[in-house]
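Before any comments, here is the structure.
No value in this document is a laboratory result; all are computed from the given coordinates. Because the structure is predicted, anything quoted here is derived from the model rather than measured. All Cβ positions, glycine included, derive from the backbone under ideal geometry; neighbour counts span all protein chains shown.
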Amino acid sequence: MITAGASAALQLACLALIEAGDEILMPDPSYPCNRHFVSAAEGVAKLIPTSAAERYQLSADQVAAHWGEQTRGVLLASPSNPTGTSIDPAELRRIHDVVKSKGGITIVDEIYLGLSYEEAFSHSALAISDDIISINSFSKYFNMTGWRLGWMVVPEAMVPVVERMAQNLFICASTIAQHAALACFSPESIAIFEARRAEFKARRDYFLPALKELGFGIDVMPDGAFYAWADCTPLCAKLGVKDSWEFAYALMEKAHLAITPGRDFGTADTARYVRFSTANSMEQLQEAVRRMQKLFQ
Ligand SMILES: Cc1ncc(COP(=O)(O)O)c(C=O)c1O
């Protein structure tokens, strides 16, 4: 189903599947809007603390342990925003088995899948099962964020339900954007997108080691997207701040660098972390590193 961005797909999936009071399990940290799509459908987003050992993704054991009377399913993003880390396909299979055994739903937001840098993580969840709901978009790999176009692959039985809702909420996804998006699939366009993907990887390969060098804690190397989830606690004292919220402000005020404090993405341990975005030119990233070097020396 073609939608107005992944955002509309997430909204439609949540409205179609969640009843008032239903609980959806998701990792902490995760994309902030996801919990809001759940609460807009009168559901309850239950954020479960994750660790670097699990690439900041849920494990099947956690899903089984947190599944309760009200639980309806899981909402994952792979690769994830803010961490840029993907879920291990074997673990996703185990999670989906747990979910199925409970009669629940598995929604996987795969918006960054096109910007994957490791073969092991570059396959859609649909390869595991076609009763997983996969959400994707033209906003990231295809670089068409402002055109507001995405898609969702759903089990056949959901199609008429989502169609009826989409008709009421959106009428349709922009026709002009759909015509424009057809050009994405020409070999010339794919060559451009692949060159951009290589550039994103090159930025990751430069920026992540540079952050480590500056003193940030990087617990796991991102395998996709364009983010760095960095522990700033080793550097807080240098700026005279107590947590990542104050750290982000200090960086903005003292070095004119805009980064995102961890607390936007959850509550567990997020006072330690900040998110950097590498969706910027290599020159700008190098300039950011120079400014931080000066600030921390
Ligand atoms: C994980 C994730 N899902 C969904 C979205 C929304 O994407 P779209 O522009 O397709 O609505 C974003 C945007 O940043 C995102 O990071």
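Take every Cα pair under 8 Å whose residues are at least 6 apart in sequence, average their separation, divide by the length of the chain, and the relative contact order is 19 percent. Using equal-weight Cα scatterers in the Debye expression, the normalised intensity of the stretch 141-188 in log10 at q = 0.16, 0.25, 0.26, 0.28 Å⁻¹ is -0.58, -1.01, -1.03, -1.08.
In terms of its C-alpha gyration tensor, the stretch 127-244 has a prolate overall shape, because the principal axis ratio a/c (a ≥ b ≥ c, square roots of the eigenvalues) is not below 1.5 and a/b outweighs b/c. Were the residues from K100 through D219 laid out at 0.36 nm apart, the gain over their Cα-Cα distance would be 39.7 nm. Among the trypsin sites (Lys or Arg not before Pro) in the stretch 200-292, those placed in a DSSP loop whose Cβ has at most 13 other Cβ atoms within 10 Å are K242.
Taking Lys and Arg as +1 and Asp and Glu as -1, the other residues whose beta-carbon sits under 14 Å from that of F200 total +1.
Here each label is just a point 7 Å from Cα along the line to Cβ, and for Y249 and D61 those points are 3.9 nm apart. A Förster distance of 41 Å, applied to the separation of the beta-carbon atoms of H123 and Q297, puts the FRET efficiency at 0.40. With 25 Å as the limit on Cα-Cα distance, the pairs of K212/K238; K46/K212; K140/K294; K140/K242; K46/K254 that go past it are K46/K212; K140/K294; K140/K242; K46/K254. Could you compute the net charge surrounding A173? Neighbours are other residues with a C-beta less than 14 Å from the C-beta of A173; K and R count +1, D and E count -1. Taking every Cβ under 14 Å from that of A173, the sum is 0.
Of all beta bridges that DSSP places with both ends in the chain, some 45 percent have antiparallel geometry. Size of the stretch 179-291 from its Cα atoms: along the principal axes, largest to smallest, the extents are 52, 30, 26 Å.
Loop-resident GluC sites (Glu not before Pro) (DSSP state other than H, G, I, E or B) in the stretch 242-294 with no more than 15 further Cβ atoms inside 10 Å of their Cβ are absent. Rounded, prolate or oblate for the stretch 170-214? Axes are the square roots of the Cα gyration tensor eigenvalues, ordered a ≥ b ≥ c, and the cut-off for rounded is a/c under 1.5. Oblate, because a/c is 1.5 or more while a/b does not exceed b/c. Pairs of Cα atoms in the stretch 1-73 fall into 10 Å distance bins, from 0 up to the last occupied one, in shares of 20, 46, 29, 4 percent. Principal axis analysis of the Cα atoms in the stretch 1-132 yields extents of 39, 35, 26 Å, listed in decreasing size. Based on the Kirkwood radius over alpha-carbon pairs, what value in µm²/s does the Stokes-Einstein equation return for the translational diffusion coefficient of the chain at 10 °C and 1.306 mPa s? Using the Kirkwood radius from Cα pairs, D works out to 80 µm²/s. Whole-percent P(r), the stretch 57-171, all Cα pairs, 5 Å bins from 0: 2, 11, 20, 22, 19, 15, 9, 3, 0.
Shown here for the stretch 64-117: GluC sites (Glu not before Pro) in loop regions (DSSP other than H, G, I, E, B) with at most 12 other Cβ atoms within 10 Å, namely E69. Each eigenvalue of the Cα gyration tensor of the stretch 72-140, multiplied by 5 and square-rooted, gives one semi-axis; in descending order these are 20, 12, 10 Å. Along the axis of the charge dipole computed for the stretch 1-156 (Cβ charges of +1 for Lys and Arg, -1 for Asp and Glu, origin at the Cα centre), the listed residues G21, G114, H66 are led at the positive end by G114. Note on V44 and D131: the model spin-label points, each 7 Å out from Cα along the C-beta direction, lie 2.6 nm apart. With θ taken as phi - 60° and the Karplus curve 6.51 cos²θ - 1.76 cosθ + 1.60 applied, the whole-hertz 3J(HN,Hα) list for the stretch 254-268 is 9, 10, 6, 10, 9, 10, 10, x, x, 5, 5, 10, x, 10, 7 Hz, x standing for glycine and proline.
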